[in-house]
1. Might you check whether a residue that is surrounded by fewer than 20 Cβ atoms within 10 Å (Cβ to Cβ), on the phi > 0 side of the Ramachandran plot and under 22 Å from the mean Cα position of the chain (by Cα) occurs anywhere in the stretch 313-321?
2. Evaluate the following for residue 108: is it surrounded by fewer than 18 Cβ atoms within 10 Å (Cβ to Cβ), at pLDDT below 95 and outside the structural domain of residue 213 (by TED's automatic domain parsing)?
3. Output the residues belonging to the stretch 327-351 that are modelled with pLDDT under 80 and touching a strand residue (DSSP E or B) at 6+ places or on another chain (Cβ under 9 Å).
4. Considering only strands (runs of 3 or more DSSP E) fully contained in the stretch 161-224, which possess at least 1 residues that are surrounded by fewer than 22 Cβ atoms within 10 Å (Cβ to Cβ) and at pLDDT below 95?
5. Assess whether residue 147 counts as being under 30 Å from residue 343 (Cβ atoms), modelled with pLDDT of 95 or more and either in the same structural domain as residue 56 (by TED's automatic domain parsing) or within 21 Å of the chain's Cα centre (by Cα) (or both).
6. Consider residue 268 against the criteria (1) surrounded by fewer than 19 Cβ atoms within 10 Å (Cβ to Cβ); (2) modelled with pLDDT of 95 or more; (3) not in a strand (DSSP E or B): it satisfies all of them except one. Which criterion is unmet?
7. Mind telling me which of the residues 263, 256, 250 ends up being farther than 26 Å from residue 219 by Cα and not assigned by TED's automatic domain parsing to the domain that holds residue 57?
């Protein structure tokens, strides 16, 4: 779920190939359009067993293409108006699927990258789940959400272990903050009900994975998997809400980040992670490896002298160059930072 910036919303994967620019006319039937670079990403999933599942933390990183881009001509609360009638009523909500809006503002750069779910649509307005802080003249970009079916295939083309029982199937856990929802691919001999479901057997293929949401795969089959996902590369910053407590986070940066370049530390615990000279009182970044068996914990160290300020692991080894790779997810434990904040996740403006 996306939330507006004003109201806060490793298993390594390799980034694949160069990006291919596709002509706008091949993607969109509207006169207002824009394109982002397009590419492929590979998600690596460790093999496990039913008795001892292995976990892999992944995220789509790539997005759906831009469905509309244009300027705001009027705004009232959470309702944004654009010129003309560039789309149809309900095009970005309801049966058409789940969409979200991104705000781009040259006048107020701090709100650029704000994301919010679209809840209703007329022929020239969208209403979002929360006010976005946008203003007349700002640019909006509308994208459809990535879903479970998009990432893993409507028919489980990813090859996750599927059975007629969630307890023996691979599980897909989608996190929003510290809260996870569990999904699996159901199949039986009749194949009458094959598909993605939650644990209450509600259809789940259209469950969304927001850019800020991490995905945990609990693999119960012995073989490892490589899952290839294609999509658009999101350019520009993305504002990702960080809540007090546990956050399982995806990344929308297709070029990848390091701890130093992540923007997580800002020098102000109201806008970034809390630093300390003691790991037990600092916010922590946790990257998982070896099928979840290894937790690599990092924090930002600072003291009165500022001589050794920087990212470190728990053995005080410098860690600023530790990567947050495209296609991965990670955990941020917001221990002592107080209030929630918006992580300004930097993303390239061009390729």
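1. No, because not a single residue in the stretch 313-321 is surrounded by fewer than 20 Cβ atoms within 10 Å (Cβ to Cβ), on the phi > 0 side of the Ramachandran plot and under 22 Å from the mean Cα position of the chain (by Cα).
2. Values: surrounded by fewer than 18 Cβ atoms within 10 Å (Cβ to Cβ): yes; at pLDDT below 95: yes; outside the structural domain of residue 213 (by TED's automatic domain parsing): yes.
Here the answer is yes, as residue 108 does meet what is asked.
3. 336, 337, 347, 351
4. On the way: elements: 171-176, 179-186, 195-198, 215-219.
Passing ranges, in order: 171-176, 179-186.
5. Details: under 30 Å from residue 343 (Cβ atoms): yes; modelled with pLDDT of 95 or more: yes; either in the same structural domain as residue 56 (by TED's automatic domain parsing) or within 21 Å of the chain's Cα centre (by Cα) (or both): yes.
Yes: the conditions hold for residue 147.
6. (2)
7. Numbers: 256 fails: farther than 26 Å from residue 219 by Cα; 250 fails: farther than 26 Å from residue 219 by Cα.
Going through 263, 256, 250 in turn, just one is farther than 26 Å from residue 219 by Cα and not assigned by TED's automatic domain parsing to the domain that holds residue 57: 263.
For (1) under 21 Å from residue 111 (Cα atoms); (2) touching a helix residue (DSSP H, G or I) at 6+ places or on another chain (Cβ under 7 Å), each residue gets a yes or a no:
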position	(1), (2)
201	no, no
204	no, yes
211	yes, no
215	no, no
223	no, no
238	yes, no
242	yes, no
245	no, no
252	yes, no
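The values are calculated or read from the model by the stated rules, or taken from the named source; none is laboratory data. Predicted model, so just to flag it, every value in this text is computed and none were measured. Ideal geometry is used to build each Cβ from the backbone, glycine not excepted, and the neighbour counts take in all protein chains shown.
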